[in-house]
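Remarks on the structure that follows.
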Amino acid sequence: MKAAGKGAPLRVGIAGLGTVGGGTLRALADNAEAIGLRCGRPVRAVAVSARDRHKERGLDLSACRWHDDPLALAADPEVEVVVELIGGSDGPAKALVEAALEAGKPVVTANKALLAHHGTALARLAEARDAGLYYEAAVAGGIPVIGLLRDGLAGNRVERVAGILNGTCNYILTTMRESGREFADVLAEAQALGYAEADPGFDIDGVDAAHKLAILTALAFGCTLDFEAVRVEGIRQISAVDIAFAEELGLRIKLLGIAARNGGGGGPGGGDGGGEATVSQRVAPVMVPLGSPLAAVEGVFNAVLAEGDFVGKIMAEGAGAGERPTASAVVADLAAIARGDRRAVFGVPAAALRRLAAAPVEDQAGAWYLRLMVIDQPGVIAEVAAALRDEEISVEALLQRGRDPGELVPVVITTHETSEGRMRRAVARIAALEACLEAPRLIRIESE
């Protein structure tokens, strides 16, 4: 029996030497002894590729061959595992991952966009070539949510996954609540601090979170990835007044990615009984009770909550981005490869992944927060109530701030559970009222 850490090294090629690539090299160097002991063999970077060979990165690359073309890593006979940290759903990243898998080499990636758009095809290719595809770093940074869903909850039928999947948005909403400032002001501060990009749309419009949710959905429910079926709404329209009203109501606004399976029975792929399974996927600002564990996740932190039929609810929280947390997840996947751990890419064999139809939007039930800006005049509330009554929507609470006849005042209504179709029809009717001078603000209320 070989001594721990004394086996043949696992030889790794890394494409992309940005924040995560540099962090991965540092983690492999700084924690080399511990990694070797845990894996039974060393894990070493032997080749790298990036756009600028001469850029100063503060990294010791003396032990690594340099490839100007990242695809050369797939063909390099000294590289056993390819780590793709280039980014992007297509282009060089996709070409490299496909080439490495075609060559039978395991791939580790942090590329959520690539997986969200091409994950099903890549899983099939990995299985056909007997090469693993690992992506712990693609969702929630250093939080081991992929392993949690794939391995830790393997004995459960997972019914629902919900998470704070974007630290930029969580930071902005947290700061808006704490400071009372408006979205644009806090976004500018987040950009100055480096928490938001110069072009922040990918984050604040919910696209980043939607990529991650599509991956979690496939893993939780054993289905093909369907990014186009994710309903996406960002946080641009959230105002300080909505955040303040939420707190008054015992609620807190969070941008959540939520996926739920309905019907189908059985295990990850649907299986026995319960009718044909459908799945709902959405990323949107929602209100959660202050007592919810997700309400307490603040700043740039991420969290994922899963519900299994045996384990119940379980949540993982931590740093969702950044050099060190994401590099930690990359190295965790490399350690799994070094130990010989092999898992189906999305928890079940690629052939067992099945397409789940999207649940009809209009039938999805929930409670709602509705804020109106209306002229303070007799009969307005009666007209609003009539629109809700005609759709059989029950009001839970009504708040009105200010009493200025003839002036614009906010009116907030929360409802009991109703279908989304009914709620949106009522809101469309309310928006057409002469006294309603601003577009109504509608936010879903989650029970937890």
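The values are calculated or read from the model by the stated rules, or taken from the named source; none is laboratory data. Because the structure is a prediction, the values reported are computed rather than measured. No Cβ is skipped: glycine too gets one built from the backbone with ideal geometry, and neighbour counts run over all protein chains shown.
Points worth noting:
- Residue tally, condition in contact with a helix residue (DSSP H, G or I) (Cβ under 6 Å, 6 or more places away or on another chain) and touching a residue at least 60 places away in the same chain (Cβ under 8 Å), over region 372-394: 1
- Subset of region 62-82 [assigned to a loop (DSSP other than H, G, I, E, B), under 24 Å from Ala336 (Cα atoms) and under 33 Å from the mean Cα position of the chain (by Cα)]: Pro70, Leu71, Val79, Glu80
- Listed by first and then second residue, the pairs with beta-carbon distance under 7 Å, at least 6 apart or on different chains, first residue in region 315-340 and at pLDDT 95 or above, second aromatic (Phe, Trp, Tyr) and part of a helix (DSSP H, G or I), form an empty list.
- Residue match in region 346-365 (condition: of a type in the set (A, V, I, L, M, F, W, C), touching a Phe, Trp or Tyr at 6+ places or on another chain (Cβ under 8 Å) and part of a loop (DSSP other than H, G, I, E, B)): yes
- Cβ-Cβ distances below 7 Å connect the following pairs, each with a first residue in region 239-251 that is farther than 15 Å from Val288 by Cβ, a second residue that is crowded, with 22+ Cβ neighbours inside 10 Å and modelled with pLDDT of 95 or more, and a separation of six or more residues or different chains: Ala240/Met176.
- Meets criteria (modelled with pLDDT of 95 or more and more than 16 Å from the chain's Cα centre (by Cα)) for Ala284: no
- Region 373-396 - residue that is part of a strand (DSSP E or B) and at pLDDT below 95 and, of those, farthest from Thr224 (Cα to Cα): Ile375
- Candidates in region 351-379 are the residues that are more than 21 Å from the chain's Cα centre (by Cα) and small (Gly, Ala, Ser); of these, the one that is farthest from Thr278 (Cα to Cα) is Gly379.
- Taking (1) at pLDDT below 95; (2) outside any helix (DSSP H, G or I); (3) closer than 23 Å to Leu305 by Cα in turn, Val161 satisfies each apart from (1).
- If you go through region 196-208 and pick out every residue that is surrounded by 15 or more Cβ atoms within 10 Å (Cβ to Cβ) and free of Cβ contacts under 8 Å to residues at least 24 places away in the same chain, you end up with 1.
- Only one of Ala100, Ala116, Ala34 that is touching a residue at least 60 places away in the same chain (Cβ under 8 Å) and in a helix (DSSP H, G or I): Ala116
- Among residues that are in contact with an Asp or Glu (Cβ under 6 Å, 6 or more places away or on another chain), assigned to a helix (DSSP H, G or I) and under 18 Å from Leu17 (Cα atoms), Val108 is not included.
- When Gly36, Gly16, Gly22 are screened for being surrounded by 21 or more Cβ atoms within 10 Å (Cβ to Cβ), closer than 13 Å to Ala327 by Cα and among the small types (Gly, Ala, Ser), only Gly16 passes.
- Against the test of being aliphatic (A, V, I, L, M) and either part of a strand (DSSP E or B) or free of Cβ contacts under 8 Å to residues at least 40 places away in the same chain (or both), the options Ile430, Ile443 yield a single qualifying residue, Ile443.
- Residue in region 413-426 that is touching a strand residue (DSSP E or B) at 6+ places or on another chain (Cβ under 6 Å) and in a helix (DSSP H, G or I) present: yes
For every residue, the table says whether it meets (1) in the same structural domain as Asn302 (by TED's automatic domain parsing); (2) buried (at least 23 other Cβ atoms within 10 Å of the Cβ); (3) hydrophobic (A, V, I, L, M, F, W, C); (4) more than 17 Å from the chain's Cα centre (by Cα).
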position: Cys169; (1), (2), (3), (4): yes, yes, yes, no
position: Ile172; (1), (2), (3), (4): yes, yes, yes, no
position: Thr175; (1), (2), (3), (4): yes, no, no, yes
position: Ser179; (1), (2), (3), (4): yes, no, no, yes
position: Phe183; (1), (2), (3), (4): yes, no, yes, yes
position: Leu193; (1), (2), (3), (4): yes, no, yes, yes
position: His211; (1), (2), (3), (4): yes, yes, no, no
position: Phe221; (1), (2), (3), (4): yes, yes, yes, no
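- Residue within region 299-311 that is among the acidic types (Asp, Glu), buried (at least 17 other Cβ atoms within 10 Å of the Cβ), in contact (Cβ under 8 Å) with a residue 60 or more places away in the chain and closer than 28 Å to Glu178 by Cα present: no
- The lone criterion from (1) surrounded by fewer than 15 Cβ atoms within 10 Å (Cβ to Cβ); (2) among the aliphatic types (A, V, I, L, M); (3) closer than 25 Å to Val230 by Cβ left unmet by Ile86 is number (1).
- Residues being assigned to a loop (DSSP other than H, G, I, E, B) and aromatic (Phe, Trp, Tyr) are represented in region 131-143 by at least one member.
- In region 176-195, of all residues being in contact (Cβ under 8 Å) with a residue 24 or more places away in the chain, part of a helix (DSSP H, G or I) and touching an Asp or Glu at 6+ places or on another chain (Cβ under 9 Å), the one that is nearest to Phe245 (Cα to Cα) corresponds to Arg177.
- Selected residue (criterion: surrounded by the most Cβ atoms within 10 Å (Cβ to Cβ)) from residues of region 404-419 that are modelled with pLDDT under 95 and in contact with an Asp or Glu (Cβ under 7 Å, 6 or more places away or on another chain): Val409
- Subset of region 39-63 that is more than 20 Å from Ala332 (Cβ to Cβ) and touching a residue at least 40 places away in the same chain (Cβ under 8 Å) - its residue that is surrounded by the most Cβ atoms within 10 Å (Cβ to Cβ): Leu59
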